[in-house]
Amino acid sequence: MTAVLEPAATRAPQSLAELTERARRIRQHIVDVCTGGEGGHLGGSLSLVEVLTALYFDVLTVDPERPQAPERDIFLLSKGHGAVGLYATLAERGFFDPAELAGFGRPGSRLMAHPVRAVPGVEMPTGSLGHGLALGVGFALAARLDRSPRRTYVALGDGELQEGSVWEAAAGAAGLGLDQLTAVVDRNGFQLTGVTEQICPLEPLADRWRSFGWAVREVDGNDMAQVRSALRAAPWTPGRPSVLIARTVKGAGVPFVADRVASHYVRFTERQHARASAALRRQARGDGDD
C-alpha cells in the first residue's frame, strides 16, 4: 500500500538556517543557468527564491518520489519568467537531478524558458501571463469537490496583475469562498519594459485585493522568517482566499544586477558568474554585499 503524504502542518518546521542555506544553493543554481548559452530570466527568478524555498522545503505537502500523489498540494507558477527559479528549486528538492539544469534551453531539453508538464513537479505549463490564478481557482474548487485537504498556491508577478483575467479569477475565488487557495504576488516593482508603477500603477495593491474579498498580508518577500511564517499560517480568514504581497528585490542576492530592469533577462559572462557566485558566498558568511 502506498503511504499517504504527511501534511506539512504536522511536520516540525525547518530551521531558518536550513532554509537560508537552501535559498543560497537555489540562487547559485540560477546564476549557473544564466551564464553563457542563451542566458535566462534572472531577476524575477532571484526575487522569488525565498517564497519558493519556504514553499517546497517547509510548507507544501509534496513528495519528489511521487510527484503526482493525489493528496499533494498544488503549486502553479503563473509568472512564467520565474521558470529558472522553479527548476532550480525542484532540482534542489529532488524532483530531478540538478545536473540537468546545465541543459536549460538547449535542443532536446525539457527545461524551457517557461515551465512545461514534462518537468517533474510542474502541474501546468505557463502560457500567456495572467492565466495562472484562474487555473488555481480550478484546482482549489476541485479539491473542495473531492473533499480533499490539499491546498493550492499560485505565484504571480506584479506586472501580470495588469491583466484583467487575474481580477476575474480573484473575484471568482472570493465568491466561491476558496480558502484553500493562496496567491503570492512577487512585488519586485519591475516588468520587462520598466517600473510597474510608471507603466500601469497598482497601488494601493493590498486594498485592491481586499476589495475583491481576499485576506491580505504583506511581507518583506526576501526575508525568510516573514515569508515562512505567513505561508504556514494560511488561510488567514476562514471562507476567504489568501494573498501574500511579497515585496521583493528583482535580482535579489546579486548586488550588481539587483533592483534593475536590466536584470530581467541576463546572460552572464564567466567573469560575471564568478562575481555573482562570490557575492552569494559572502552573504552566506554574513560578510555583506558586493
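Scan the range 123-139 and give yes if some residue there is open to solvent by 50 Å² or more (accessible area, probe 1.4 Å) and of a type in the set (Ser, Thr, Tyr), otherwise no. There is at least one residue in the range 123-139 that is open to solvent by 50 Å² or more (accessible area, probe 1.4 Å) and of a type in the set (Ser, Thr, Tyr).
On the given criteria, is THR182 more than 25 Å from VAL59 (Cβ to Cβ) and open to solvent by less than 10 Å² (accessible area, probe 1.4 Å)? Walk me through it before giving the result.
Values: more than 25 Å from VAL59 (Cβ to Cβ): no; open to solvent by less than 10 Å² (accessible area, probe 1.4 Å): yes.
So THR182 does not fit the description; no.
Looking only at residues in the range 210-230 that are out of contact with any helix residue (DSSP H, G or I) (no Cβ under 7 Å at 6 or more places or on another chain) and open to solvent by less than 20 Å² (accessible area, probe 1.4 Å), the one that is farthest from PRO13 (Cα to Cα) is ALA215. Screening ALA276 with (1) surrounded by fewer than 16 Cβ atoms within 10 Å (Cβ to Cβ); (2) within 24 Å of the chain's Cα centre (by Cα) gives one miss only, at (1). Among the residues of the range 231-238, are any part of a loop (DSSP other than H, G, I, E, B), open to solvent by less than 20 Å² (accessible area, probe 1.4 Å) and out of contact with any Asp or Glu (no Cβ under 6 Å at 6 or more places or on another chain)? There is at least one residue in the range 231-238 that is part of a loop (DSSP other than H, G, I, E, B), open to solvent by less than 20 Å² (accessible area, probe 1.4 Å) and out of contact with any Asp or Glu (no Cβ under 6 Å at 6 or more places or on another chain). If the condition is being part of a loop (DSSP other than H, G, I, E, B) and surrounded by 22 or more Cβ atoms within 10 Å (Cβ to Cβ), then the range 239-259 contributes PRO241, THR248, LYS250, GLY251, ALA252, GLY253, VAL254, VAL257.
Here TYR56 clears all of (1) under 17 Å from ARG24 (Cβ atoms); (2) of a type in the set (Phe, Trp, Tyr); (3) in contact with a strand residue (DSSP E or B) (Cβ under 9 Å, 6 or more places away or on another chain); (4) touching a residue at least 40 places away in the same chain (Cβ under 8 Å) except the condition numbered (4).
The values are calculated or read from the model by the stated rules, or taken from the named source; none is laboratory data. These numbers were taken from a predicted model, which means no experiment stands behind them. Ideal geometry is used to build each Cβ from the backbone, glycine not excepted, and the neighbour counts take in all protein chains shown. Note: accessible area is taken over every heavy atom of the protein model, side chains too, but ligands, DNA and RNA are not part of it. Shrake-Rupley method; radii C 1.70, N 1.55, O 1.52, S 1.80 Å.
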